[in-house]
Amino acid sequence: MKKLVVATKNVGKVQEIVDALADLPFEVVSLQDYPDAPDVEETGASFAENAILKAVAYADFTGELTLADDSGLEVDALDGAPGVFSSRYAPTVPQRNAKLLDAMKNVPDDRRAARFRCVVAIVEPGGTARTCEDSVEGVVSREPAGTGGFGYDPIFYIPSLGKSMAELSFVEKNAISHRGKALKKARKLLTKNI
Ligand code: ITT
């Protein structure tokens with residue numbers, strides 16, 4: 001079976017991506033199977049640029065069909081921050097969430113709109129990358145809730161569901177999330193690719 005490398009060092013992403021692609025006819029492996037894989041510097045100005053940078057670098061490194069994800073949280077009241085800097089907003093996840101809640105503490109309820117965005121890039125070694133993207137709308141809550149997911153999920157509230165992203169089950173998150181929806185599109189590209 002043809003290999004597909006899921007090129008992310010974020011364990012939460014690996015679980016969601018592997019689950020969303022599990023029934024496709026690929027041997028899905030992650031960067032955990034390549035302990036010497038280098039870090040790739042995310043020098044792009046957009047999610048798409050960074051997703052392509054990572055996919056191309058890891059396809060070159062592994063010599064296999066490779067899928068990378070670049071994603072993040074855009075907060076309207078902060079002019080789109082943390083955006084492409086979501087993983088670099090503060091050193092640890094609890095510090096990032098605390099920093100974001102603090103930055104939003106004087107923002108009224110009707111101006112707390114935010115969205116998660118995800119761009120998935122797929123490339124064969126030496127080939128041209130193709131991308132799929134999607135997003136999910138919500139608001140930045142006032143305090144963390146829930147233990148599921150990862151990253152900013154406990155402080156991302158989805159009004160239509162009455163829950164934070166971290167209060168959704170794994171299956172519920174993958175059904176509505178930026179990543180789950182982008183991967184539905186990526187599945188079509190991958191199926192044609194076989
Ligand atoms: P890789 O580059 O190795 O994939 P990373 O975590 O550094 O791992 P990104 O550069 O794409 O990945 O940063 C994405 C950050 O955005 C991630 O670390 C979280 O802080 C946040 N994020 C993305 N998707 C998320 C999700 O589904 N739930 C919560 N936070 C998310």
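Observations, loosely collected:
- A simple rule links phi to the HN-Hα coupling: the Karplus curve 6.51 cos²θ - 1.76 cosθ + 1.60 with θ = phi - 60°, which for the range 65-74 gives 4, 9, 10, 10, 10, 10, 8, x, 10, 10 Hz, with x for Gly and Pro.
- Note on the chain: helix-only mean residue ellipticity at 222 nm, from DSSP H runs of 4+ residues weighted -39500 (n - 2.57) and normalised by residue number, equals -10000 deg cm²/dmol.
- For the range 35-121: relative contact order, % (alpha-carbon pairs under 8 angstrom, 6 or more apart): 34 percent
- Neighbours of Arg115, meaning other residues whose beta-carbon lies under 11 angstrom from its beta-carbon, give a summed charge of -3 when Lys and Arg score +1 and Asp and Glu score -1.
- Accessible surface computed residue by residue for the chain, with neighbouring protein chains in place and a 1.4 Å probe, gives 48 Å² per residue.
- Across the accessible surface of the chain, with the other protein chains kept in place and a 1.4 Å probe, carbon and sulfur atoms take up 53 percent.
- Candidate membrane-span-like segments in the chain, meaning DSSP H helices with Cα atoms spread over at least 20 Å of their own axis and a Kyte-Doolittle mean of 0.0 or above, are 47-62, with no membrane implied.
- Pairs beyond 20 Å (Cα-Cα), from Lys163/Lys185; Lys105/Lys181; Lys13/Lys181: Lys163/Lys185; Lys105/Lys181
The values are calculated or read from the model by the stated rules, or taken from the named source; none is laboratory data. Just so you know, these numbers come straight off a predicted model, no measurement behind them. Cβ sites come from the backbone with ideal geometry, for glycine too, and all protein chains shown count toward neighbours. Heads up: the accessible areas ignore ligands, DNA and RNA and are worked out on the full protein's heavy atoms, side chains in. Shrake-Rupley method; radii C 1.70, N 1.55, O 1.52, S 1.80 Å.
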